[in-house]
Each structure stands twice: as structure tokens, then as C-alpha cells.
There are 2 protein chains.
Amino acid sequence: MAKVTIADIAREAQVSVTTVSRFINGNYGKMSQATRTRIQETVDRLEYRPSASARRMRQQSTHVVGVIVADISNVFSSLLFSGIYAQLQPAGYDVMLMNANNSTTQEHDEINRLLSQEVDGLIIQPNAREFAAYEPIVSSRTPLVMVDRECADQPDGVAKVVADNEESCHRMGLTLADMGYDNIVVLSRTRSEISAQAARVAGFASAAEERHVLMVPVEADSHDQDWLERRIRTTLDHLSGRTVLVSLMGPLLFDILAALKTLGIRFPNDVGLVSFDDWRWSQYVQDGIYLLEQDPQALGREAARNLLDQIGARGEDRTGDPYARSRQITLPVTVVEADSVLAR
Amino acid sequence: MAKVTIADIAREAQVSVTTVSRFINGNYGKMSQATRTRIQETVDRLEYRPSASARRMRQQSTHVVGVIVADISNVFSSLLFSGIYAQLQPAGYDVMLMNANNSTTQEHDEINRLLSQEVDGLIIQPNAREFAAYEPIVSSRTPLVMVDRECADQPDGVAKVVADNEESCHRMGLTLADMGYDNIVVLSRTRSEISAQAARVAGFASAAEERHVLMVPVEADSHDQDWLERRIRTTLDHLSGRTVLVSLMGPLLFDILAALKTLGIRFPNDVGLVSFDDWRWSQYVQDGIYLLEQDPQALGREAARNLLDQIGARGEDRTGDPYARSRQITLPVTVVEADSVLAR
DNA sequence: TTGTAGGCGTTATCAT
DNA sequence: ATGATAACGCCTACAA
């Protein structure tokens with residue numbers, strides 16, 4: 001039993017392929033009720049399913065969107081995808097998901113694969129610092145949305161959906177200084193070239209500057225747990241006054257908690273603790289952890305809407321340059337208070 | 001600048017499309033070094049990228065695999081995908097990911113979409129209780145692997161990769177009884193028709209039977225937090241002796257923790273607490289939580305390997321019935337001890 | 001209301 | 001070592 005084609009249906013139902021094609025596409029306008037039911041019956045009987053591959057040949061659109069996330073095993077990325085999918089699926093778009101795994105070379109390969117698939121659009125949580133890595137996408141005129149992270153040299157015409165990282169961290173820095181913390185130790189883990197963490201560090205830096213407190217950046221990169229413990233221990237030993245630790249990404253908080261446990265350092269008494277988080281587990285750690293919270297699903301939804309606008313799937317004129325409909329959006333970061341920091 | 005095709009390259013490089021095609025497919029065997037470099041140069045210059053859609057027309061294989069997870073915003077599903085992707089990507093397969101969102105009707109729709117895409121294979125974390133929902137896949141001879149959950153009436157010929165749910169829960173039940181717990185309250189949250197939780201309940205039930213202790217199943221379904229609190233309060237009020245609460249899925253543990261907090265019930269003193277978990281956050285809640293731990297990534301990897309074997313992508317003879325190469329695999333559940341339960 | 005035929009970009013077969 | 005050409009399954013003018 002070879003694949004059932006439109007021709008098989010036509011033959012069995014005693015009509016032409018054109019009529020069947022019309023039927024498949026819901027073009028019932030010019031078609032007698034008799035033939036319509038006859039075709040329906042045949043389609044059901046032979047379990048006919050139109051070939052998406054063949055369709056794509058004839059149409060300009062594949063109705064497939066490509067998504068590249070930085071690290072799918074990070075909850076942030078999976079919630080991001082969840083938001084994207086919730087928008088695209090109802091709109092009739094299938095999604096190819098790729099995991100760059102924090103690697104720019106893998107990301108590069110995946111962009112090529114997706115362009116080869118002739119996807120109708122691309123949503124990327126970028127890894128590369130230079131926008132050059134994404135030029136091939138633009139030069140193929142494929143609708144594109146960058147989400148969560150930003151290249152410094154990204155052209156204005158390219159869509160972008162990010163959280164309000166710098167501003168929120170600036171405010172948080174002021175708050176911590178006002179609570180009487182003398183030192184703000186900012187821990188990040190940047191395995192890829194770019195990340196939202198850079199903007200966050202900048203926010204804390206300017207706040208520290210403004211309030212004349214000390215900001216100490218610590219890049220954990222891919223160092224191991226031992227390294228982190230030693231680093232925290234040493235840093236705290238050399239600082240005088242009250243210190244607060246800030247984790248710039250959810251997963252890193254795990255490692256910091258483990259380190260504090262091993263070192264026998266308690267919060268909020270020995271040290272304050274604040275973290276970015278994309279989930280709700282940290283509220284159960286002691287009396288909860290003071291959080292900077294993003295909404296990854298909202299980021300995903302906005303990114304997908306943005307993309308659909310470019311594709312022109314929402315009824316607007318789909319002529320002209322898709323990039324003309326690109327938008328740059330910033331979503332808020334909210335603060336969740338908890339007792340892991342202490343005002344003096 | 002319309003899409004650049006193989007014909008454009010042929011014209012520019014002064015060769016036939018056949019030669020270009022050979023080049024694209026790395027068929028350099030019969031080709032002068034001169035033409036080879038000439039084509040290479042032209043391809044680079046015009047930024048030619050072969051059309052995956054057109055390829056599929058000519059070949060039987062799309063090199064695309066479909067994956068349907070139950071709920072992508074659940075960490076389990078995203079780690080599952082991560083394991084699947086890590087196997088599939090290096091093997092040259094692109095992945096379409098769909099989120100059934102715990103809905104059988106949505107799952108049904110997604111199966112159709114994926115079959116329309118003519119995917120080379122399908123990995124499903126099933127929602128439907130009856131295998132009938134997946135018959136269309138089998139009848140189209142599409143390689144298939146069911147993962148994490150199982151339909152009771154699944155044919156032997158269909159591949160399956162699951163965790164050792166019943167047996168591990170049976171052993172856990174015995175352990176808890178031996179620790180002196182008189183009542184085992186088993187909380188589940190089954191929003192879809194099927195889930196791995198059923199097997200877990202069965203395991204606890206047989207253990208309770210064997211040790212003559214009481215097993216009380218509580219299905220939280222989609223009830224809200226208030227309901228859960230009342231239910232826990234009432235249940236505990238009516239039980240005499242020592243009681244342990246068991247959460248059959250990671251996310252439910254959140255809600256249980258919140259309920260206990262509100263009710264002012266402490267563990268391990270007032271009640272014991274045990275949970276299934278797919279992540280590592282719970283170790284930071286008090287002194288950690290006694291866990292039954294699966295390895296979702298391993299489940300994903302095994303499922304993907306299983307699928308690749310069926311597709312015949314790993315060099316075996318790819319003739320005959322793909323289903324003949326289906327395997328049914330059970331992976332272990334490990335126990336992580338912690339002080340959220342107390343031996344009498 | 002229904003049918004015919006050409007073409008979408010590739011690859012496979014069969015020449016040269 | 002290289003070419004010409006016929007499919008693959010569908011859609012869409014253009015006819016009838």
C-alpha cells in the first residue's frame with residue numbers, strides 16, 4: 001500500500017484532481033453536495049492525508065516556524081517555548097525546535113538547517129555577540145525575532161523582545177544600598193558569548209556607582225562547584241561591611257545555595273541573598289528568596305505575535321518588506337520580596 | 001532576488017544540474033577538481049541553500065521527527081525533549097515539537113499534523129488511555145515510540161520506554177511501612193486521561209496490602225489550592241497513627257508544600273513527606289525531601305535511539321517492517337534519601 | 001460545476 | 001566525467 005495521493009482519491013471518487021484539491025482546501029463554493037460527500041467518503045476510506053512537502057513546493061509558505069533556544073534544559077528556555085507555541089499552534093504554524101546548547105557553532109549550524117527547511121520565520125534566543133551571525137537570515141528576507149538577549153550591533157529593523165534587565169537591576173541595586181548593604185556581589189554564569197546577564201551587571205554597576213557602594217562581579221562561567229565555593233569564601237573574607245549576593249540566573253542559584261550550605265554561611269544573617277528566577281520553587285527555600293522575576297511565557301508570546309505580524313498571518317497586507325512590521329518590545333521585571341535580605 | 005535554485009548554480013558555473021546535485025550531496029567521486037571548485041565558488045557567492053521541501057518530494061525520507069509531549073511547561077517534558085534532541089540532532093534529524101497540553105483532542109490534532117508532515121518517526125508521551133488514538137500512526141507504518149506513559153492495550157509490536165514506576169513505588173511503600181508509617185496518603189494530579197501516576201498508585205497499593213497499612217489515594221485533578229488544603233486537613237484529621245504524604249509528580253509537590261505551610265503542618269514531625277521529582281530543587285527545602293527520582297533525559301535518549309533503530313538510520317538493514325525493530329525498555333527509578341521522613 | 005496541463009526544486013535513471 | 005529528462009504530489013491558471 002503505497003502512499004495515497006490526490007490522484008487516487010480523484011480516481012476512486014470519479015472526479016478530477018482539481019475538484020479534490022478544492023475539497024481539501026475547503027473550497028466548497030463550486031461543488032455539488034453530491035460530489036462533496038462522495039469525496040469526503042473516499043478520503044476517509046483511504047485515510048488520505050495531503051502531503052505537506054508537496055504543498056510547500058507549490059506555495060511560497062511552509063507554515064513552519066523555527067525556534068532556537070539557548071538551553072532547553074534550562075526552565076527559562078522551556079517556558080519561553082511554551083509561550084511561543086501557544087501562539088503559533090492555533091495560528092496554524094508547526095514549530096521546529098532546536099537547542100543551541102549555549103554553543104555559537106551549533107547555533108550557526110541550526111540556522112542553516114532551518115533556512116534550508118525554508119521556515120516562514122525564525123525566533124532566536126541568540127548566543128552570538130555579533131549580529132553578523134544572523135545576517136544570512138536577514139539576507140534571505142526571512143522574518144526574524146530575537147528574544148531575551150540582544151546583540152549590541154543589532155540593526156533597528158530587526159524585531160526584539162527582551163525583559164527590562166538593566167533598569168530593573170539598577171533599581172534593585174539602589175534598593176539594596178538603601179537597605180544598608182555595603183557590598184553587592186553579582187554572580188553570573190555566561191557559557192555562551194552573549195546573555196541577558198551583561199545588561200544586569202551594568203544595571204547593578206550604575207546603581208553602585210550612584211550610591212557609592214561596592215559592586216563585585218563574579219563570573220562563574222563553566223567553573224565547577226569547588227571553584228565557586230572558594231570564590232565565595234575568598235570574596236566574603238576580603239570584604240568589610242554588610243554583603244549581599246545576587247544570582248543573575250535561576251540555575252546558578254542552585255549552586256550558590258549548595259556552596260553556602262557547604263561553607264556554613266547562613267542567609268539573611270551572614271549575607272543577603274537575591275536572585276533572578278523564572279520559576280516558583282525558591283519560595284520554599286527557608287522563608288523564600290528575594291527575587292527579580294521575569295515572565296518567560298510572556299516573552300515567548302510577544303515574540304510569536306511579533307513574528308506573525310511580520311509573516312502577515314494576521315490579515316494585514318502581506319506585501320512589501322516583512323521587516324517593516326518588526327517591533328522592539330521590552331517587558332517588565334517584577335520584584336518579589338522575601339526575607340533573604342535584611343534592612344539594617 | 002528570488003530564491004536561488006540548483007539551476008541558477010548550474011547556469012553560473014557552466015555545468016548541468018546533475019553535476020551540481022552530485023556536488024551538493026558530496027558525490028565528488030566522478031567530478032574533476034576544476035568543476036568542483038567552480039561549483040563551490042558559485043554556491044558560496046550566491047548563498048545557495050538546497051530546498052528541503054523539494055528534496056522530500058523525491059526521497060521517501062523527510063529527515064524530520066515529530067515529538068509530542070504532554071505539557072512542555074512541566075520540567076519533566078522539557079528534560080525529556082532535551083534527551084531526545086541530543087540524540088536526534090547529531091543523527092541529522094530535525095525535530096518538530098508539539099505540546100499536547102494534557103489534552104487528548106489537541107493530541108489527536110497534532111498527530112494528524114505530524115503525519116501530514118510525513119515525519120520519519122514519532123515519539124509520543126501519550127495522553128489517551130486507549131491505544132486506538134494512535135492506530136492511524138501504525139496503519140501509516142510510521143515508526144513510533146511511546147515514552148513515559150503506557151496504554152494498557154498497547155500492542156507488543158510498538159516500542160515503549162518507561163520508568164520502573166510500579167515496582168519502585170512498591171518498594172517505597174514497603175520502606176515507609178517499615179519506618180513505622182501507618183497511613184500512606186498518595187496524592188496525584190491527573191489532568192490527562194492517562195499518566196504514569198496510575199502505575200505508581202498501584203505500586204503503593206500492593207505494598208500497603210502486603211504490610212497491612214492504610215493507603216489513601218487523593219486525586220487533586222484540576223482542583224484549586226483551597227480544595228487541596230481542605231482535603232489534606234480533612235484526611236489528616238480522620239487518620240490515626242503516623243501518616244506520610246506522597247506526591248506522585250514534581251509540580252504537585254509545590255502545591256503540597258504551600259498547603260502545609262498555610263495549614264501550619266510541619267514535616268517530618270507532624271507528617272512524613274516523599275515525592276517524585278525530576279529536578280534538583282527540592283534538596284534545598286529544609287533539609288531536603290525524600291525522593292523517587294527518574295532521569296527524564298535518559299528516557300528521552302533511549303526513546304530516540306529506539307526510534308532511530310526503527311527508522312534504520314544506524315546502518316542496519318532498513319528493509320522490512322520497521323516495527324520489527326521496536327523495543328520495550330524500562331529504566332530504573334532511584335531513591336534519594338533525606339530527612340523529610342522519620343523512622344519511628 | 002468540473003477538467004487539463006504546467007511547473008515548484010530535487011534526485012535518479014539512463015544516456016553520452 | 002558530465003548531461004538530459006522523468007518523476008515526486010500538489011496547486012492554479014485556463015479551458016470546457
7 Å along Cα→Cβ for the label point: how many nanometres lie between residue A:210 and each equivalent label in the other copies, listed shortest first? 6.4
If you scale each eigenvalue of the Cα gyration tensor by 5 and take the root, what three semi-axes come out for the protein assembly as shown, rounded to whole angstrom and sorted largest first? 46, 36, 22
Computed over the Cα atoms of chain A, the Rg and Dmax in Å are 26.0, 89
Placed amide H near residue A:293: partners under 5 Å, 5+ positions off or other chain: A:334, A:335, A:336
Work through the residues other than residue A:122 whose Cβ is under 12 Å from its Cβ and net out their charges, Lys, Arg +1 and Asp, Glu -1. -2
One finds the C-alpha centres of segment A:255-293 and segment B:53-85 to be spaced, in Å, by 36
Chain A: DSSP helices with Cα axial extent of at least 15 Å and average Kyte-Doolittle hydropathy no lower than -0.5: A:75-88, A:197-211, A:250-263, A:296-311
Provide a whole-number value for the mean count of partner chain Cβ atoms within 10 Å of the Cβ atoms in peptide A:329-338. 0
For segment A:21-116, the convex hull over Cα atoms projects on average to an area in nm² of 8.5
Under Stokes-Einstein, segment B:252-344 at 25 °C and 0.890 mPa s, with its Kirkwood radius over C-alpha pairs, diffuses with a coefficient in µm²/s of 151
The answer for trypsin sites (Lys or Arg not before Pro) in segment B:210-317 that fall in a DSSP coil and have at most 16 neighbouring Cβ atoms within 10 Å is B:266, B:280, B:314
Can you tell which of B:132, B:54, B:86 shows the greatest fluctuation in a Gaussian network model of chain B with Cα springs below 10 Å? B:54
Karplus couplings for segment A:63-72 from phi (6.51 cos²θ - 1.76 cosθ + 1.60, θ = phi - 60°), rounded to Hz, Gly and Pro as x? 6, 10, 10, x, 10, 10, 9, 6, 6, 5
Shortest-first distances to equivalent copies, position residue B:171, nm, label 7 Å out along Cβ: 5.1
So who's got an amide H within less than 5 Å of the one on residue B:147, skipping anything under 5 residues away but keeping other chains? H placed 1.01 Å off N, in plane. B:124, B:125, B:161
Taking the Cα centre of the protein assembly as shown as origin and charging only Cβ (+1 Lys, Arg; -1 Asp, Glu), how large is the dipole, in debye to the nearest 20? 2360
How much net charge surrounds residue B:173 when only other residues with a Cβ under 13 Å from its Cβ are counted (Lys, Arg +1; Asp, Glu -1)? -3
Choose one answer from B:234, B:190, B:105: the residue with the largest mean-square fluctuation in a GNM of chain B with alpha-carbon springs under 10 Å. B:234
Skipping prolines and chain starts, which residues have an amide H placed within reach, meaning under 5 Å, of the one on residue B:273, given they are 5 or more residues away or on another chain? B:245, B:341
Expressed as a rounded percentage, what relative contact order does segment A:6-57 have, with Cα pairs under 8 Å and six or more residues apart? 38
Here P(r) for segment A:6-57, Cα-Cα distances in 5 Å bins, as whole percents, is 5, 21, 34, 25, 11, 4, 0
Give the residue from B:35, B:13, B:54 lying farthest towards the positive end of the charge dipole for segment B:6-57; charges sit on Cβ (+1 for Lys and Arg, -1 for Asp and Glu) and the dipole is referred to the Cα centre. B:54
Using helices alone, I'd like the mean residue ellipticity at 222 nm for chain A: each DSSP H run of four-plus residues gives -39500 (n - 2.57), total over residue count, nearest 500. -13000 deg cm²/dmol
How many percent of Cα pairs in segment A:165-295 exceed 18 Å? 49
If you take the charge dipole of segment A:165-295 about its Cα centre, with +1 on Lys and Arg Cβ and -1 on Asp and Glu Cβ, which of A:218, A:184, A:236 is farthest toward its positive end? A:236
Select from A:50, A:217, A:296 the residue whose mean-square fluctuation is largest in a Gaussian network model of chain A (Cα-Cα springs shorter than 10 Å). A:50
Sparse-neighbourhood loop sites, GluC sites (Glu not before Pro) in segment A:1-109 - DSSP loop, at most 15 other Cβ within 10 angstrom: A:47
Under the Karplus relation 6.51 cos²θ - 1.76 cosθ + 1.60, θ = phi - 60°, what is the ordered set of whole-Hz ³J(HN,Hα) values for segment A:280-289, x standing for Gly and Pro? 10, 7, 5, 5, 9, 7, 6, 9, x, 10
How about segment A:107-208: which trypsin sites (Lys or Arg not before Pro) there are in a DSSP loop, with at most 12 other Cβ atoms within 10 Å of their Cβ? A:141
Which of A:288, A:138, A:331 sits farthest toward the positive end of the charge dipole of chain A, with +1 on the Cβ of Lys and Arg and -1 on the Cβ of Asp and Glu? A:138
With the label 7 angstrom out along Cα to Cβ, how close does residue A:339 come to the same site in each of the other copies, in nm, nearest first? 1.9
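No value in this document is a laboratory result; all are computed from the given coordinates. Bear in mind that the values here come from a model prediction, so they are computed numbers and not experimental data. Glycine also receives a Cβ, built like all others from the backbone with ideal geometry; neighbour counts cover every protein chain displayed.
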